[in-house]
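Quick notes on the structure that follows.
The values are calculated or read from the model by the stated rules, or taken from the named source; none is laboratory data. Bear in mind that the values here come from a model prediction, so they are computed numbers and not experimental data. In this analysis, Cβ positions are derived from the backbone assuming ideal geometry, glycine residues included, and neighbour counts consider all displayed protein chains. Please note that ligands, DNA and RNA were not included when accessible areas were found on the heavy atoms of the full protein model with its side chains. Shrake-Rupley method; radii C 1.70, N 1.55, O 1.52, S 1.80 Å.
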Amino acid sequence: MPEFRLYNTLTRRVEPFAPADGHTVRMYTCGPTVYNPAHLGNFRTFLFEDLMRRTLKLAGWGVEQIMNLTDVDDKIIRKAAALGTTISHVTEPFTELFHQDRRYLRIEDAEGYPKATAHIPEMVALVERLIAKNVAYEAEDGSIYFAIDRFPNYGQLSQLDKRELRTGARVAQDEYAKENAQDFALWKAAKDEDEATGAAWDSPWGRGRPGWHLECSAMAMKYLGETFDLHAGGIDLIFPHHEDEIAQSEAATGKTFARCWCHGEFLLTDGAKMAKRVGNVANVVELREQGISGTAYRHFVFNAHYRKQLNLGEDSLEQSRAAVRRIGTFAKRLAEATGGTEALVAAASKAEHAFIDALFDDLNAPEALAALFTFITEANRELDTGGTDVAALDRARAAFRMIDGVLDLVPEQEADAELATWVEERIEARKAARERRDFGAADAVRAELVARGISIEDSAQGTRWKRL
RNA sequence: GGCGCCGUAGCCAAGUGGUAAGGCAGGAGACUGCAAAUCUCUCACCGUCGGUUCGAUUCCGACCGGCGCCUCCA
């Protein structure tokens, strides 16, 4: 096994990575704010994290992944207030939808999905620690802020020390209560709207609610320890979210928070960042409606490196759909084959090595995909020769299983029994027509099948069919 | 203004100091009753201009073009 390497935002370099205890990678990934459906851009990040966890397992480690669900924040409260309901009524259905969408994209279950609202005591405790360390202060209204001036390392992740914040723009809209315009809220004093929507809790500083950054620090430390291996998220979270997490966590514990930070780049749509406010979002629901499989979207995402912007263009998904179809056809062929050749073994072994080398080199999924497709071409060539070596075939199957265990790109088989029965019946009718050399009738049957979205192919083993 | 990323074939997209993976689409051929699937062959001088070098798409600089962060936005 080659050494596993990963780009670390903290050092801005690709460097060797391994879990501190040598066995289990403890990783924290920022999850969705559940006030509306997560869009495909959000899922690009979650898919990158899925690839990450599967690759870590391939490297022989265990994975303990925690993904938080932000179920209390300004937008949720605003929405609940507008609907005259509580925040949980807003967040529950979207939490359910998130998991549905996630499964559609075959994103593996994390080991835990803690909710912010279920960890208020932990957050309050963290704030108390920060106050005790004198790095946090209470403002007149009862809100608690973190004083970045009192944390010397502030800015290490985003390289803020090298920045000049644009004067004017930001300062103007900051509350007067802060000592420094860049101080961030750990705890926000409750407003009427918070109380009305069930977004306020008791604390030593009166009623209030946690700041956004606080939840991640509190939950990460609760489930993964004060120091853990990996923290990942979208690139936009580097500043201020992750910077603030580091500040509040390390100021409290005096220890390194996350040993390595990884950030995925954005998904663009027609050249602009996919975002609600830009109005160019697409969701998983739309994917389903258009008959685009989760595997096609996985392919689209994995076809580009996670640290590069990726544009969702006009026929991006169509191209991926076709690519994934090829993988599916191959999977079926491999399953039905009866024997292989010596060259098939060589191809399998080469593919495994190329695949692992690619993924272990900072998750180079495009190159890993190339290894898969090269294997498909070579294996098809061997399968065409009609070998009889069963052990060789098993070897090829094992290689494919390993590869697809990470990429998970074989499209789902049709599970509709009624449709299947009908298709089988039509295929029998066509076979009969062909046997009496009535090709007109045979073609008519095929046209009938195509009209229902079924394509067929004749082979030595009989006629196969699949959905288009 | 500060910080960062990118510009490779019709489209998507890896990669390397010594003349460029893979996918989609396309072209020619094989197979097929016809198809489909599959196989074979085919399709790029890597944004522009300089510099370093025996040699650069790959290093440096400038320029042009695109994108992101600095706004609790993955």
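Just a few scattered comments:
- Calculation over all alpha carbon pairs of segment A:325-407 in 5 angstrom steps from 0 returns a P(r) of 3, 17, 30, 25, 15, 7, 3, 0 percent.
- Cα→Cβ-extended label distance, 7 Å offset, between residue A:353 and residue A:149, nm: 6.1
- For q = 0.13 Å⁻¹, Debye-computed log10 I/I(0) when each Cα of chain A counts as one equal scatterer: -1.22
- Pair residue A:11, residue A:92: separation of 7 Å Cα→Cβ label points (nm): 4.7
- Crossing angle, helix A:365-384 versus chain A [Cα axis fit, 0-90 degrees, rounded to tens]: 10
- Calculated FRET efficiency, residue A:451 to residue A:236, Cβ-Cβ distance, R0 = 60 Å: about 0.85 to the nearest 0.05.
- For segment A:1-126, with +1 on Lys and Arg beta carbons and -1 on Asp and Glu, the positive-most of A:125, A:94, A:2 along the dipole: A:2
- Based on the Kirkwood approach, the hydrodynamic radius assigned to segment A:366-431 is 14.7 Å, with every pair of different Cα atoms included.
- In degrees, nearest ten, helix A:417-435 long axis to first principal axis of chain A (Cα): 30
- With q set to 0.12 Å⁻¹, the log10 of I(q)/I(0) for segment A:5-269, from the Debye formula over equal scatterers at the Cα positions, is -0.75.
- D_trans [Stokes-Einstein, Kirkwood Rh over alpha-carbon pairs] for segment A:215-326, 37 °C, 0.692 mPa s, µm² s⁻¹: 201
- Computed helical MRE - 222 nm, chain A, DSSP H runs ≥ 4 contributing -39500 (n - 2.57), nearest 500: -15000 deg cm²/dmol
- Paired Rg and Dmax values of segment A:62-158, which use every Cα atom, in angstrom: 17.6, 48
- In chain A, taking the dipole from charged Cβ atoms about the Cα centre, the farthest positive-side position among A:439, A:18, A:294 is held by A:439.
- Nearest-ten-degree value, helix A:342-360 long axis tilted from longest Cα axis of chain A: 10
- Solvent-accessible area of residue A:117, all protein chains in place: 40 Å² (probe radius 1.4 Å, heavy atoms, ligands and nucleic acids excluded).
- Computed log₁₀ I(q)/I(0) - Debye formula, equal Cα scatterers, no solvent, segment A:397-468, q 0.13 Å⁻¹: -0.49
- A 1.4 Å probe run over segment A:5-269, with the rest of the protein chains in place, finds 41 Å² accessible per residue.
- With every protein chain in place, chain A: carbon and sulfur % of accessible area (1.4 Å): 48
- Here the spin labels are modelled as points 7 Å beyond Cα on the Cα-Cβ line, and at residue A:103 and residue A:75 they lie 2.5 nm apart.
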